[in-house]
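The values are calculated or read from the model by the stated rules, or taken from the named source; none is laboratory data. All values derive from a computational prediction rather than experimental measurement. Glycine also receives a Cβ, built like all others from the backbone with ideal geometry; neighbour counts cover every protein chain displayed.
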Amino acid sequence: MGATLGTARIARGIERARSILLWPQAVGPEIARLTRPRTQQGGTLFVEVRDSATAHHLSMQRHHFLKALNALMPDQPVSEIRFSVGSVREPVTAPPPAPLPAPDRARARQLVEGVQSERSPDLRGAALRAAEAVTRARRWREEQGWRPCPVCGEASREQPCRACALTLEDPNVRRAARLLQRWPERLPDLGATLGDSGAGAARFLALRQLEGQLDLLALECVRSGHEDGYREFLAQQADVFMALTLGRTRAQLRPSDRSVLPDSARSVLNAGR
């Protein structure tokens, strides 16, 4: 490297730049914020400051800076430091971070309901503290304007959140969604194969597809004058939609459950009744 620099005739410039590069390390962060080393000519280092008062004060202390700087580069000592008024940026102080909100203790207790503490009395306490930390982070995201993810319900800037967006692209989840559009009662079984997140994503996809179908069927019912075939199929799809939305079987549905249906489908079915 030395031979290369010497051949290129830039070795002397590199040596002069060392004092500029080592200046913050020699004087410390406080002085470095107030100064800007500009150039070195011979053994003299020229340093800019914001105002004449600072230049005068630092000039009185330059022997300390010389000693510290030459200790870092004994082979190329600096003999003099001259301070002058120049362009030094005002240090920018970052605003203090906003404090985290208080934890949602009620939500945290719900998260640890299944934790048993008979064998390890400290387990439930540790789980509760972890759950409170989770709820504080969730509250902070909500205060920043993040909305609940339509799939998992966690506050997120993206809609759906990044993790759920990846899950929705899973071919197994898409196949499960098609299955739920015919047999919504299979939803509890999906957790064993897809996990809770996969089952929730499959339910979300199925409901989104069903909602589009309900709107189209309701329109066809109106166009056909409430023909029995269209209305019967609309009622069947509406039952699947209500079962998935409410987490019930189709046999457990009540007439009042139609309140969860899209407006068009609910209006057509109630008019037919």
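General remarks:
- Of the residues making up the range 214-273, those that are without any contact (Cβ under 8 Å) to a residue 24 or more places away in the chain and outside any helix (DSSP H, G or I) number 7.
- For the range 72-96, residues that are modelled with pLDDT under 90 and either β-branched (Val, Ile, Thr) or farther than 26 Å from residue 53 by Cβ (or both) total 13.
- Index of the failed condition, residue 182 passing every other in (1) assigned to a loop (DSSP other than H, G, I, E, B); (2) of a type in the set (D, E, K, R); (3) touching a Leu at 6+ places or on another chain (Cβ under 6 Å): (3)
- Residues of the range 6-29 satisfying the condition of being modelled with pLDDT of 60 or more and farther than 18 Å from residue 77 by Cα: 28, 29
To keep it simple, each residue is scored yes or no on (1) in contact with a Pro (Cβ under 8 Å, 6 or more places away or on another chain); (2) over 24 Å from residue 147 (Cβ atoms); (3) hydrophobic (A, V, I, L, M, F, W, C).
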residue	(1), (2), (3)
181	no, yes, no
197	no, no, no
225	no, yes, no
233	no, yes, yes
265	no, yes, yes
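- Check on residue 167, more than 30 Å from residue 141 (Cα to Cα), of a type in the set (Val, Ile, Thr) and without any contact (Cβ under 8 Å) to a residue 60 or more places away in the chain: no
- Residue check, residue 243 within 16 Å of residue 180 (Cβ to Cβ), surrounded by 14 or more Cβ atoms within 10 Å (Cβ to Cβ) and under 42 Å from the mean Cα position of the chain (by Cα): yes
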